[in-house]
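Asks: Got a structure for you, written out below as structure tokens; questions coming shortly.
The values are calculated or read from the model by the stated rules, or taken from the named source; none is laboratory data. These numbers come from a predicted model, not from an experiment. Positions of Cβ are backbone-derived with ideal geometry, glycine not excepted, and every protein chain shown enters the neighbour counts. The area values use the complete protein model at the heavy-atom level, side chains included, leaving out ligands, DNA and RNA. Shrake-Rupley method; radii C 1.70, N 1.55, O 1.52, S 1.80 Å.
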Amino acid sequence: MSVRKSISSAYFSMTAVVLVASILAMGFLQMYLSMEYFKTDKKATLNDIVDIAVARAYMVEDNPYAWGEDDTVRTIQSSISLIGQSSGNIVFAADPSGRVTMCSEGEQCRYEGTIPKKILQQLNTNGCYFELGDLGGAVENRYYTSGKPLYGNNNQIIGYVFASADAASMGIFISDMFSSFVLSAGLMLLVASILSILLTTRLTTPLRRIAVAAKKFGGGDFSVRVPVEGDDEVVQLAQTFNNMASSLELIDSSRSSFMGNIAHELRTPMTTIKGFIDGMLDGTIPIEMQQHYLSLVSQEVGRLARLTQNMLDITKLEAGEYRVRAANYDIWETITTVVLSAEKRIEDNKIQLEGFTPNKTMVYADSDLVYQVVYNIFDNALKFTPEGGTISLAVTKQGDEVQVDIRNTGEGIAEDALPFVFERFYKEDRSRGLNTKGSGLGLHICKVLMNLSHGKIWAESEPGSWCQFSFTLPVAVSEQNRGRIQETPAMRQKRYK
């Protein structure tokens, strides 16, 4: 659970930080752009109003620039008031000294007094003016204000026209926009949180399953598998974990089977030995028969010795403690010795022997190792060849290798068992070469021995018809090349096949 919490917390925290940072950045950007847009829009609107007011001032007849005359003042005042009311803004005018003389609000005008000289200088220099402020202290609140000068016949400045809009409207606009933003941001965070939880759950579920399976493995249950769905990295991890579990289960099963087989193999001769000895001690077996039963005891003891030695050989071979004594010799010498030693069994089962035509074929290998390989394969062939069946032998030279084939008729090896026949401890009743009375070590020993001999071994079969075991050995080498054969890349490659 701690794995799930840590991953979920980290993922959710990371998502939350990214989302909040993105939302804040987006909010500030939106606020800034909105304020700039609002400001630009107000500036354009107020400039248009000022232009209209200036145009109306120029249209006044009878000395339009004489601000002191009552008719002219009333006319301009009326125009300013009309423009201000129609636009919803404040329009006012000032004389050249900056004193406000007219206002669209009449006597209730918010602009009283004199416009600061600094603002007038900017109007004189630039021909226009715009600000968001209090117009140099002329008003108490902040306003958007735009202004332009009025020019006389000789291009002298005879006054100024201004238009103002209350900046509070921007505050209302920003407040409404901020409320909408907060609502949408909250909704987005809620949806993102739900999606984050769902995605995190989907991500951590396989990991939790793997953790549960690993815990069961630790308890000795190797049959548990992690459900696999999809093809992402976590699923690949689950597949790798399942493959490891399968290997562990196979090893555990092989170990259990091996221990059972060894226990059986050890118990059978020991039971026989004990029975015979007890029979001689209690007088059940007469004295005249003791010699016979002592010979049987000797055979069972020999069987125990061979089984023990077999196990020790595997340990030494796989640990690399055996020193290979390779030399040039005729492979047919080994085959002939093995066949002749089994002559009685061949005759008793009326087995036909084909291809037994010794023809000197030299190989470079340890004769003791090769003898064990040939003996194991031929012994298996005799066990699984039915009465009246056939065993075929073949030795062929192929380039720098010599191939030996031993084929027998019979049930053969099941197709699904072929890939495993050389595995340690593997036994399968239908497989030729996997004797149910053995310990399942013979063919594995053959594989180890062939690796030491720089050869390779494999099995082929047609279920219900025949089975064939084949192995290869290096051809005989000259005296000057014997010391270098261990370094041959091809040999090293074959060693690990």
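Asks: Could you grab the pairs with beta carbons closer than 8 Å, sequence gap of 6+ or different chains, first residue in region 98-120 and over 15 Å from residue 80 (Cα atoms) and in contact (Cβ under 8 Å) with a residue 40 or more places away in the chain, second one open to solvent by 40 Å² or more (accessible area, probe 1.4 Å) and in a helix (DSSP H, G or I)?
Replies: Filtered contacts from region 98-120: 98/117.
Asks: Read through the list (1) outside any loop (DSSP other than H, G, I, E, B); (2) modelled with pLDDT under 75, then give the number of the only condition that residue 245 fails.
Replies: So the condition that residue 245 fails would be (2).
Asks: Based on this model, can you work out whether residue 163 counts as modelled with pLDDT of 80 or more, over 30 Å from residue 95 (Cβ atoms) and open to solvent by less than 50 Å² (accessible area, probe 1.4 Å)?
Replies: No, not satisfied.
Every residue, every condition in (1) within 24 Å of residue 37 (Cβ to Cβ); (2) part of a strand (DSSP E or B), yes or no:
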residue: 120; (1), (2): no, no
residue: 130; (1), (2): yes, yes
residue: 141; (1), (2): yes, no
residue: 144; (1), (2): yes, yes
residue: 162; (1), (2): yes, yes
residue: 180; (1), (2): yes, no
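Asks: Looking at residue 204 and the list (1) within 18 Å of residue 12 (Cβ to Cβ); (2) of a type in the set (Ser, Thr, Tyr); (3) not in a helix (DSSP H, G or I), which single condition is not satisfied?
Replies: (3)
Asks: Among all residue pairs at least 6 apart or on different chains, which show Cβ distances below 9 Å where the first residue, located in region 125-144, is in contact (Cβ under 8 Å) with a residue 40 or more places away in the chain and within 17 Å of residue 159 (Cβ to Cβ) and the second is among the aliphatic types (A, V, I, L, M) and not in a strand (DSSP E or B)?
Replies: Close Cβ pairs satisfying both conditions: 128/50.
Asks: Only residues that are over 17 Å from residue 18 (Cα atoms), touching a helix residue (DSSP H, G or I) at 6+ places or on another chain (Cβ under 7 Å) and either open to solvent by 50 Å² or more (accessible area, probe 1.4 Å) or not hydrophobic (A, V, I, L, M, F, W, C) (or both): list them for region 166-199, please.
Replies: 173
Asks: Can you find a residue that is open to solvent by 20 Å² or more (accessible area, probe 1.4 Å) and closer than 16 Å to residue 148 by Cβ anywhere in region 109-123?
Replies: Looking through region 109-123, at least one residue is open to solvent by 20 Å² or more (accessible area, probe 1.4 Å) and closer than 16 Å to residue 148 by Cβ.
Asks: From (1) under 30 Å from residue 33 (Cβ atoms); (2) at pLDDT 80 or above, pick out the condition that doesn't hold for residue 240.
Replies: Failing condition for residue 240: (1).
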